[in-house]
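Student: Take this structure first; my questions come after.
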Amino acid sequence: MLAATPLLLGALPLTRYDAWPVLLTSLGLLAALAARDAATGVALGAAASAKLYPLVVLPGLAARTWRDRGNRGALVLLLALGITVLVILAPFL
């Protein structure tokens with residue numbers, strides 16, 4: 001029965017818009033745990049371009065990065081996020 005679940009759901013997983021932002025937010029959190037500041041910013045920037053709720057974790061991650069790696073780490077995180085959002089949304093501005 002469990003193997004038939006995707007068939008029973010039909011087109012629902014294809015039309016749900018939250019899957020990509022959740023995946024990208026999860027990748028951003030994983031990158032933050034691995035101390036990859038630029039990757040964290042890119043993943044959260046891509047997620048925030050799709051939905052705004054990934055930005056909820058940004059203050060906590062930025063504060064943690066600033067505490068652990070100083071101003072440079074937090075700046076890399078925020079610049080990577082900002083550049084990613086600009087690159088994705090530039091065609092629509």
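Student: Could you list, in sequence order, all residues of the stretch 46-64 that are surrounded by fewer than 16 Cβ atoms within 10 Å (Cβ to Cβ) and under 14 Å from the mean Cα position of the chain (by Cα)?
Tutor: Lys51, Leu52, Tyr53, Leu55, Val56, Pro59, Gly60, listed by residue number.
Student: How about the stretch 65-90: which of its residues are surrounded by fewer than 18 Cβ atoms within 10 Å (Cβ to Cβ), closer than 22 Å to Leu23 by Cβ and of a type outside the set (A, V, I, L, M)?
Tutor: Gly82
Student: Here is a follow-up. Quick check, is Val87 in contact with a helix residue (DSSP H, G or I) (Cβ under 8 Å, 6 or more places away or on another chain) and among the aliphatic types (A, V, I, L, M)?
Tutor: Criteria not met by Val87.
Here, each number is a calculation from the coordinates, and none is a lab measurement. Keep in mind it's a predicted model, so treat the numbers as computed, not measured. Glycine also receives a Cβ, built like all others from the backbone with ideal geometry; neighbour counts cover every protein chain displayed.
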